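What follows is a short report on a single structure.
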Amino acid sequence: MLCGTVLAAVVSVPVAYIAAANTTPGRGWQALGRFVTVLTRAIPDVVLAMVFVLIFSLGTLPGILAIGIHSIGMISKLFADAIEQIDEGPRRAIRAAGGSRLQEFASGILPQVLPSWVATVLHRNDINLRGSVILGYVGVAGLGLEMSFAFKSLDYGLGLGIALVMFALCVIMEVVSSVVRAAMLGIQPTGRGLGDRVARLAGRATAGRVAIAGDRIGTSVGLDTPPSSATRPAALAAALHRPWDAVRIRNTVWAWMALAILVGSVIVCDIQWGDLITVWAKIPEIAVLFWPPDFGSYDAATMFGAMAQTIGIALAATLLSLVFSIVIGSLAARNVAPNGATRTSMRLLLVTIRGIPEVILAIVLIVITGLGTQAGTIALAFGGVGLLGKLIADSFEEVKSGPERALRAAGASRSQVYASATLAQGTPALIGHGFYLLDTNIRAATILGIVGGGGIGYYLLNAGQGSNYQMVTAIVLMILATVLLVEGIAVWMRRVFR
Amino acid sequence: MSDTSVIEVSGLTKAFGRTVALRQAAFSVEKGEIVVLLGLSGSGKSTLLRHLDGLETPTSGSVRVLGKEVPSLSGRHLRALRSRVGFVFQQFDLVPSLTVLENVVTGALAGLRGPRVGLWSYPKRLKLAALGHLDRVGLLDRAYQRADTLSGGQQQRVAIARALMQDPEILLADEPVASLDPESSEQVMSLIREIAMDAGLTVVCSLHQVDLAMSWADRIIGLRHGDVVLDTHVEGLGKAEVIEIYGRVATSTGELEAIERELTDVPSGSESVR
């Protein structure tokens with residue numbers, strides 16, 4: 001899972017580079033970049049995993065590749081967006097100094113977008129962690145496979161036990177992202193979220209030493225000391241070595257730990273690297289299996305009906321999430337919550353919700369309500385609250401505090417301030433996040449069908465298990481068309497509501 | 001135009017769509033001169049500066065810098081020219097998340113091949129040079145701090161150190177003190193002048209404050225609505241000429257009258273004391 005995310009993270013850099021409007025070498029390249037991001041996002045990772053399982057037979061490599069390729073889309077889209085939003089100044093400065101395009105990117109752009117890139121990758125890792133559950137269903141090794149066996153053999157105790165382990169992993173990931181983000185942005189973690197708290201604790205331990213180290217550097221060479229020619233070269237040579245203050249020690253330790261974890265994950269996955277070389281020969285014969293697209297034994301009306309059902313699930317779930325997450329997300333924002341306790345409990349609620357993989361939720365709900373669209377919708381809506389609520393809370397906390405202060409000074413009540421200042425400023429972000437969720441939900445709805453949540457996913461799984469690969473192609477094309485349509489509407493809406 | 005001029009601009013016109021930013025601008029700058037482009041915002045001084053470094057392409061006219069026709073250059077040749085011309089921006093344009101030292105060494109990128117990430121990827125010789133320049137601007141003790149932890153004036157001094165990394169022959173500065181408080185402005189401006197005098201640099205700096213330009217520059221080129229309206233050496237200017245300068249560069253007549261009053265009031269005031 002981690003390997004897949006890393007793969008995606010690396011590949012997404014050049015893709016984002018050519019897809020971002022301000023760095024792209026040309027219009028054609030930009031179109032290609034955007035197309036790659038949409039395409040890789042639109043193809044469900046389950047389908048990719050299916051294909052790779054066919055190519056590689058069972059093992060971890062199909063899962064890694066499926067997750068990796070599927071993640072490229074999202075990471076490079078967000079990364080490209082981030083590149084387009086940077087401050088052009090440093091880059092222009094490097095151009096003015098005679099730097100080449102690549103140097104502009106490495107020295108002027110990359111350092112600016114690195115925090116957002118890391119945040120995106122960590123966030124994606126979080127999603128992939130949950131996604132790896134579903135991949136178990138199509139035969140990719142990992143916890144997901146164990147869990148699918150457990151549920152198939154009706155051993156709910158074991159299944160839920162594994163689900164709990166996944167939940168714990170999700171919470172740990174949350175904490176790690178918070179710490180990393182705080183370290184990269186150079187901000188003091190002030191939030192009351194779980195991750196922020198841990199970050200603060202870690203920070204407190206080192207803070208004392210930083211202060212001491214800072215003092216020492218400060219006194220050694222001051223601005224006012226007149227340059228004496230004899231000692232200056234020595235001072236310069238001494239300054240060549242960066243002092244090992246607490247911050248640097250901490251960052252270095254973190255960096256090496258991260259590297260160790262990455263290397264560890266590759267070792268744990270026990271990848272058959274040889275497969276990567278030998279499989280190319282197999283690709284043509286497998287590709288033939290998938291062409292031409294065909295609905296098989298079903299008629300087109302059934303399939304379009306199922307697709308409509310999937311879209312319906314996604315829309316209903318998005319709407320439900322939107323309603324709940326506006327309430328929960330608002331109360332989880334520092335500038336809206338009436339007191340710290342409310343905010344903390346809401347944040348905790350959001351983390352908890354995000355910690356539960358949707359698929360597990362769907363499986364539990366199916367056990368309760370039986371097969372069908374209802375379980376799928378509720379599961380998606382529930383999961384959506386976790387994501388959307390967090391995004392809404394974060395963007396509400398990021399609105400300018402000036403207008404809020406002005407209204408409060410004019411005697412407005414808490415709810416009036418919320419409605420006229422906070423909500424008014426947060427609306428564009430709200431719309432953006434809503435569409436992002438819809439986009440995610442359409443794909444997620446497909447996957448939920450696989451575990452019995454209704455819609456097109458059921459047929460997709462059938463087709464896959466029945467080795468009816470032409471039908472898989474047909475369904476993927478349908479999903480692709482839908483995703484492109486939603487993407488188009490989202491772009492248009494963002495332009496209108498800017 | 002003499003043989004020693006390092007910048008020669010003639011008939012330079014630049015239009016952005018229908019707006020004409022520069023109209024038939026022409027002047028030349030001798031080696032070692034310290035010149036201020038004086039004008040209000042929107043008068044075309046930034047656009048003019050950007051042409052000198054090839055950051056803009058003229059609609060028509062000629063821009064010769066260090067003997068090269070700038071608009072005709074591209075790719076490697078343009079980068080080679082840019083590496084000989086330092087540029088200091090109004091908003092400093094440092095990378096906020098990098099250390100001060102790393103921001104300074106990026107000034108030397110033109111002399112290196114390929115992209116660089118992290119301090120370790122720069123040769124030791126350049127790091128030493130960067131530390132030297134930081135020492136020159138009085139910020140050696142800040143070398144390993146993040147750039148965004150510095151004050152505005154300090155950031156601009158880092159930006160100057162970055163420009164010095166290029167070993168420039170010409171230093172261009174676009175409103176270098178417009179975002180700074182008076183005290184930091186003073187520090188930055190005198191630093192630029194000192195460095196220019198020491199190294200024999202040619203400086204072209206855009207400003208909008210007439211008094212600062214008068215006290216700082218050797219020569220003032222005034223711009224107004226895209227026209228060069230003034231080109232004069234500062235030394236030995238009389239009161240009438242100063243009022244003339246305000247008049248040419250300031251926009252509203254009200255503003256001009258106020259300045260005129262102030263300039264005529266001061267001597268009469270001191271007389272009454274006597």
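Within segment B:96-133, can you find the residues that are of a type outside the set (A, V, I, L, M), within 7 Å of chain A (Cβ to nearest Cβ) and not in a helix (DSSP H, G or I)?
B:S97, B:G114, B:P115, B:R116
Any idea which residue in segment B:135-146 is surrounded by the fewest Cβ atoms within 10 Å (Cβ to Cβ), counting only those that are more than 8 Å from chain A (Cβ to nearest Cβ) and part of a helix (DSSP H, G or I)?
B:R136
Identify all residues within segment A:358-396 that are over 20 Å from the mean Cα position of the chain (by Cα) and more than 18 Å from A:L164 (Cβ to Cβ); write none if there are none.
The answer is A:I366, A:I368, A:T369, A:G370, A:L371, A:G372, A:T373, A:Q374, A:A375, A:G376, A:T377, A:I378.
Return the only residue of A:A406, A:A381, A:A410 being in contact with a Ser or Thr (Cβ under 9 Å, 6 or more places away or on another chain) and of a type in the set (A, V, I, L, M).
Result of the check over A:A406, A:A381, A:A410: A:A381.
Got at least one residue in segment A:108-123 being at the interface with chain B (Cβ under 7 Å from one of its Cβ atoms) and in contact with a Lys or Arg (Cβ under 6 Å, 6 or more places away or on another chain)?
Within segment A:108-123, one or more residues are at the interface with chain B (Cβ under 7 Å from one of its Cβ atoms) and in contact with a Lys or Arg (Cβ under 6 Å, 6 or more places away or on another chain).
Which members of segment B:158-177 meet the condition of being at the interface with another protein chain (Cβ under 10 Å from one of its Cβ atoms) and either out of contact with any strand residue (DSSP E or B) (no Cβ under 6 Å at 6 or more places or on another chain) or part of a helix (DSSP H, G or I) (or both)?
Hits for segment B:158-177 are B:A159, B:R162, B:A163, B:M165.
Per-residue answers, yes or no, for (1) of a type in the set (S, T, N, Q); (2) touching a Ser or Thr at 6+ places or on another chain (Cβ under 7 Å); (3) under 24 Å from A:R95 (Cβ atoms); (4) free of Cβ contacts under 8 Å to residues at least 24 places away in the same chain:
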| residue | (1), (2), (3), (4) |
| --- | --- |
| B:L140 | no, no, no, yes |
| B:Y144 | no, yes, no, no |
| B:G152 | no, yes, yes, no |
| B:V158 | no, no, yes, no |
| B:A163 | no, no, yes, no |
| B:Q166 | yes, yes, yes, no |
| B:D181 | no, no, no, no |
| B:S185 | yes, no, no, no |
| B:M189 | no, no, no, no |
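Can you find even one residue in segment A:410-420 that is farther than 17 Å from A:I313 by Cα and buried (at least 21 other Cβ atoms within 10 Å of the Cβ)?
Within segment A:410-420, none of the residues are farther than 17 Å from A:I313 by Cα and buried (at least 21 other Cβ atoms within 10 Å of the Cβ).
Looking at segment A:373-384, can you tell me whether even one residue there is modelled with pLDDT of 85 or more, crowded, with 22+ Cβ neighbours inside 10 Å and not in a loop (DSSP other than H, G, I, E, B)?
Yes, segment A:373-384 contains a residue that is modelled with pLDDT of 85 or more, crowded, with 22+ Cβ neighbours inside 10 Å and not in a loop (DSSP other than H, G, I, E, B).
Across segment A:82-94, what is the total count of residues that are more than 7 Å from every other protein chain (Cβ to nearest Cβ) and of a type outside the set (V, I, T)?
Number of matching residues: 6.
Please state which of the following conditions B:R82 fails to meet, knowing it meets all the rest: (1) assigned to a helix (DSSP H, G or I); (2) within 7 Å of chain A (Cβ to nearest Cβ); (3) surrounded by fewer than 18 Cβ atoms within 10 Å (Cβ to Cβ).
Only one criterion is unmet by B:R82, namely (3).
Show me the strands (runs of 3 or more DSSP E) entirely contained within segment B:1-48 in which 1 or more residues are of a type in the set (G, A, S) and buried (at least 16 other Cβ atoms within 10 Å of the Cβ).
Result: B:5-16, B:19-30.
Results for (1) over 23 Å from the mean Cα position of the chain (by Cα); (2) aliphatic (A, V, I, L, M); (3) at pLDDT below 80, shown as yes or no for each residue.
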residue	(1), (2), (3)
B:R113	yes, no, yes
B:L134	no, yes, no
B:G138	no, no, no
B:D141	yes, no, no
B:D148	no, no, no
B:M165	no, yes, no
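Quick one: in segment B:49-79, which of the residues that are in a loop (DSSP other than H, G, I, E, B) and within 8 Å of chain A (Cβ to nearest Cβ) is surrounded by the most Cβ atoms within 10 Å (Cβ to Cβ)?
Going through the qualifying residues, I end up with B:D53.
The values are calculated or read from the model by the stated rules, or taken from the named source; none is laboratory data. Everything numeric here is computed off the predicted structure, so don't read it as measured data. Glycine gets a Cβ as well: all are built from the backbone with ideal geometry, and neighbour counts include every protein chain shown.
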